[in-house]
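Structure first, commentary second.
The values are calculated or read from the model by the stated rules, or taken from the named source; none is laboratory data. As the structure is a prediction and not an experimental result, all values here were calculated from the model. Note that we place each Cβ from the backbone using ideal geometry, even for glycine, and neighbour counts take in every protein chain shown. Quick note on the areas: whole protein, heavy atoms, side chains included, nothing else; ligands and nucleic acids left out. Shrake-Rupley method; radii C 1.70, N 1.55, O 1.52, S 1.80 Å.
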8 protein chains.
Amino acid sequence: MSFTVYLSGEIHTDWREEIRRGAEAAGLDVAFTAPVTDHDASDAAGDHLGPQSEGFWRDHKSSKVNAIRTKTLIEQSDLVVVRFGDKYKQWNAAFDAGYCAALGKPYVTLHGDDIVHPLKEVDAAAMAWASTPAEVVEILRYVLRG
Amino acid sequence: MSFTVYLSGEIHTDWREEIRRGAEAAGLDVAFTAPVTDHDASDAAGDHLGPQSEGFWRDHKSSKVNAIRTKTLIEQSDLVVVRFGDKYKQWNAAFDAGYCAALGKPYVTLHGDDIVHPLKEVDAAAMAWASTPAEVVEILRYVLRG
Amino acid sequence: MSFTVYLSGEIHTDWREEIRRGAEAAGLDVAFTAPVTDHDASDAAGDHLGPQSEGFWRDHKSSKVNAIRTKTLIEQSDLVVVRFGDKYKQWNAAFDAGYCAALGKPYVTLHGDDIVHPLKEVDAAAMAWASTPAEVVEILRYVLRG
Amino acid sequence: MSFTVYLSGEIHTDWREEIRRGAEAAGLDVAFTAPVTDHDASDAAGDHLGPQSEGFWRDHKSSKVNAIRTKTLIEQSDLVVVRFGDKYKQWNAAFDAGYCAALGKPYVTLHGDDIVHPLKEVDAAAMAWASTPAEVVEILRYVLRG
Amino acid sequence: MSFTVYLSGEIHTDWREEIRRGAEAAGLDVAFTAPVTDHDASDAAGDHLGPQSEGFWRDHKSSKVNAIRTKTLIEQSDLVVVRFGDKYKQWNAAFDAGYCAALGKPYVTLHGDDIVHPLKEVDAAAMAWASTPAEVVEILRYVLRG
Amino acid sequence: MSFTVYLSGEIHTDWREEIRRGAEAAGLDVAFTAPVTDHDASDAAGDHLGPQSEGFWRDHKSSKVNAIRTKTLIEQSDLVVVRFGDKYKQWNAAFDAGYCAALGKPYVTLHGDDIVHPLKEVDAAAMAWASTPAEVVEILRYVLRG
Amino acid sequence: MSFTVYLSGEIHTDWREEIRRGAEAAGLDVAFTAPVTDHDASDAAGDHLGPQSEGFWRDHKSSKVNAIRTKTLIEQSDLVVVRFGDKYKQWNAAFDAGYCAALGKPYVTLHGDDIVHPLKEVDAAAMAWASTPAEVVEILRYVLRG
Amino acid sequence: MSFTVYLSGEIHTDWREEIRRGAEAAGLDVAFTAPVTDHDASDAAGDHLGPQSEGFWRDHKSSKVNAIRTKTLIEQSDLVVVRFGDKYKQWNAAFDAGYCAALGKPYVTLHGDDIVHPLKEVDAAAMAWASTPAEVVEILRYVLRG
């Protein structure tokens, strides 16, 4: 049994790498996908396209180019992991969770217990809440191996 | 032409009432719906159900009861307005936006320009960004009256 | 705000009537629907149709005629309540729950805590678990009134 | 012609193995999938995740982790076999059948004739009722070979 | 409980009127819809549109105009009755049945037992087979009244 | 039988009014809807929203506000009439036709025979091609009255 | 470019083989699928399953077993060819066409011009009408090669 | 990460080849698909099928045969590029864009800035507007590589 897992959300720590390493160490047949995680590249994703823009429209252009990737990868995945860190707004992560919920795409959240309350609606539609990358790996191990 | 508009998000200011008053003053045929906006009542929505719980599971129970209402109203609406204030995480608002995006349900955002950048993915899938309740009313007036 | 609620499952106690009375007493704008709850009539629903049958095929004919009603009412409802009593197999109730889950139709379960474990998959996809008709009424009151 | 078949339901006898052996003996190109069938492992599927829980919430956590697997495998399958044994409630099996029915996913039931009557709604939406694993194998042989 | 029932198929006998009268006599709250049943008018439905055509293209134009009506009415109905008489090909009736099957729209067939065998695929996906208009009325009475 | 008909496309002649008058004269129960047909108002639909923009982004803002109306009305209609005049690009009309085609929403085209060839893909997915508003009215009369 | 083509309908002539040979001769990358075309085997598809039945129920059992195959293959195909011969009712072929139409699955018909009129509704929703297997091959050649 | 990209629209310049070469030069794992771009072959796509036709019906036959290809390829693609040149009506390109929009299939437009205004509705639902094939290649490079 193989799985494709999309890793959504926070880009400032190496949680994606931890999950990848853990899955590899466990010998799991999982293909991981992710958005572009280079913050500056992501913000500039539409800069080569006209019209030259700043502020709202620059963000608009770049976000739509990024969405070509993220929307496709989310829809192709079997499971989405949505990570919330302890900084920043991370509204895109919550947006991805809502997107998954409406599609009926299963997702698990990954966050500390200090933000359980503000994430209650996001957690309510998730299949699981994990506190550490290791817990996510254990979920994957169980789901694929039993 | 009539419309049903769901007002999602921030519950600490009276923006919903401003939009309702504006639409009424303009004589628009709009029915507004909303989540339960009494914060304490919302947090306690599942307290009468077993098992008695605190923390994560209390939030879980209550969020799911709230979702019976919010999910139904979003799906029955013609348009969703998603409001982000200048405080709190408001991940549920971004979640609702993602939910709408996946359903193909049109939504507009309502927020100040100081949070344009962190909301770029949410705005990218929106039909419009409004800065004030009056702008939302003007959108409704145009859409219903031309 | 009004709601249509389908009452699925056990037909040997008057739980449907209790919920109806409770909703009426609370002044809620809820329309309740249900399968045919007369056991003998339900078993005989296809008897007037050919070919005359016994056993498996009699059940088959009657179940399909019943499904014309139940499938339509479930799809037209805003919420489904699925009741499990303390006797009988009640596989049709679990079937309805799975049907709702796949449609994305919100449902709540109604059952005693002695059958929590065998109902864990059914409860896992539900929006709430209620132990008494009064709890269901309270869910409806909250969802419709806040 | 190849098929993916999900084997849902009863976990106390070796019916899955019988079907697998029969399909192999017949040289059929069928990939079989299944839920985790180790009862204790399944009940404990969420135990490594917070918050530590007993009773309803322990079941809730584990059932959702299991659903990541079962929901995905059901949706990826071409056919589902739903097995009901002569003991236990097996509401999860009926739930899976209802889930398939709403998706338009074909399923066949596998059960003795002593439970034909309580399973009438489940059988009514099935493509076939088989009494033995050998009959299921024969269905597969016919469907794949003609 | 009210129902909308689309009456598809054979146009040479007054079976539609029999069902209408029976439902009225039984006091059922059913709205009946149907294709245009005037054969000549139906064949000429596109004659006022260019280009002037005969044979295949005349049929093509008219059938598409008719489909504006039939497709809409089928999708708006709660139940479809598909009638096969003892003459003519009536492929449009079987086409409507297949259309319903793919939509998950419940339908019942109405035909004599001399054509059970050639209609086996059509009957297999139906919720019931009725032999007379009176049997259809009895199905409606049961479904609406219990 | 009643119908809701969305009138898409060309805004420089009074074809919408001709169809409305014809349907009224024929006593048909049809509700007509349309985009905002005041060209200047339509181009300025987003001008009250930030950021102040010209060229591409002004068009972008306004088109999305217009889409709130057009998308909703198309999805609520039973039939769409797509009109192509003899001037201008009218890509929005062809866009609406493609949108209908993918939704399975029936549409008819209304255009002169001098543009049959460039409209061949649009006509191929339509239910009818009409050359005059009177022909559209006749289609409506037939579909509603037979 | 490769295609999967399901060949539905008449089973008394070798039209399937003609199309296969033609596609092979043209070097087209097409995988052909079909229902079980052995008439007796098809009628007996459910005979090994209980309860032992004759007439309507025998047909019912067998048709449902056949539908496991046909429904899956139709949904997996890129194109369906529906063949009507000059004998028999062939309602299953028209049923398949209607099924395709509702799914938005493209299909072409294959039949003589003597049955154009009774097939007008089936042809109206088809992408093409072919009179000979060679014409079907030419359609495939064009679609895959240009 | 690999992608399938459908190249819709204008057939008089070699923009498809430019994008193909650019993607190849960048070493991107992209499979490109397209409609038949030989204008005469496309117009004659149905000429081998009866009835022999000219004008509207010839166009009708050929467009439907072409649609077997285009509809399938659009639905199988991850991204669609819709190209508008400076000549001709190109309504089929706008039709494809509307088709994508309704499916939720991401598309980007490719056109000069002199036609920004008439394309505003088409651009409003696009994920990006590119002015040159090189810009499309850069979008692909970013989406696949980050």
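If the viscosity is 1.306 mPa s and the temperature 10 °C, what translational diffusion coefficient in µm²/s does Stokes-Einstein give for region C:39-93 when Rh comes from Kirkwood over Cα pairs?
Once the numbers are plugged in, D ends up at 125 µm²/s.
Computed from protein heavy atoms with a 1.4 Å probe, the total accessible area buried between D and G is close to 1600 Å².
Per residue, the convex hull around the alpha carbon atoms of region D:99-146 comes to 73 Å³. For chain F, what % of the accessible area comes from carbon and sulfur atoms, probe 1.4 Å? C and S fraction of accessible area: 47 percent.
Taken over the C-alpha atoms, the protein assembly as shown has Rg and Dmax values of 29.3, 77 angstrom. Restricting to Cα atoms and excluding each atom paired with itself, what does the Kirkwood estimate give for region B:3-145 in Å? Radius from the Kirkwood sum: 15.8 Å.
Averaged over its residues, the protein assembly as shown has an accessible area of 36 Å² per residue, based on protein heavy atoms and a 1.4 Å probe. The rotation axis taking chain H to chain E passes closest to this chain H residue's Cβ, listed with the gap in Å: H:Trp57, 3.
For peptide C:43-56, the mean count of partner chain Cβ atoms within 10 Å of a residue's Cβ comes to 5.
Counting every alpha-carbon pair across region C:64-120, the share separated by more than 14 Å comes to 56%. The accessible-area loss of region F:8-36 on complex formation, taken against its chain alone with a 1.4 Å probe, reaches 20 Å² or more at F:Val36. In the protein assembly as shown, helical runs assigned H by DSSP with n ≥ 4 each contribute -39500 (n - 2.57); averaged across all residues and rounded to the nearest 500, the mean residue ellipticity at 222 nm is -14500 deg cm²/dmol. Based on alpha-carbon centroids, what's the gap between region E:78-146 and region F:104-146 in Å, whole number please? Between the Cα centres of region E:78-146 and region F:104-146 lies a distance of 32 Å.
So which trypsin sites (Lys or Arg not before Pro) in region G:52-146 end up in coil per DSSP with only 15 or fewer other C-beta atoms within 10 Å?
Taking region G:52-146 and a limit of 15 other Cβ atoms within 10 Å, the loop trypsin sites (Lys or Arg not before Pro) found are G:Lys87.
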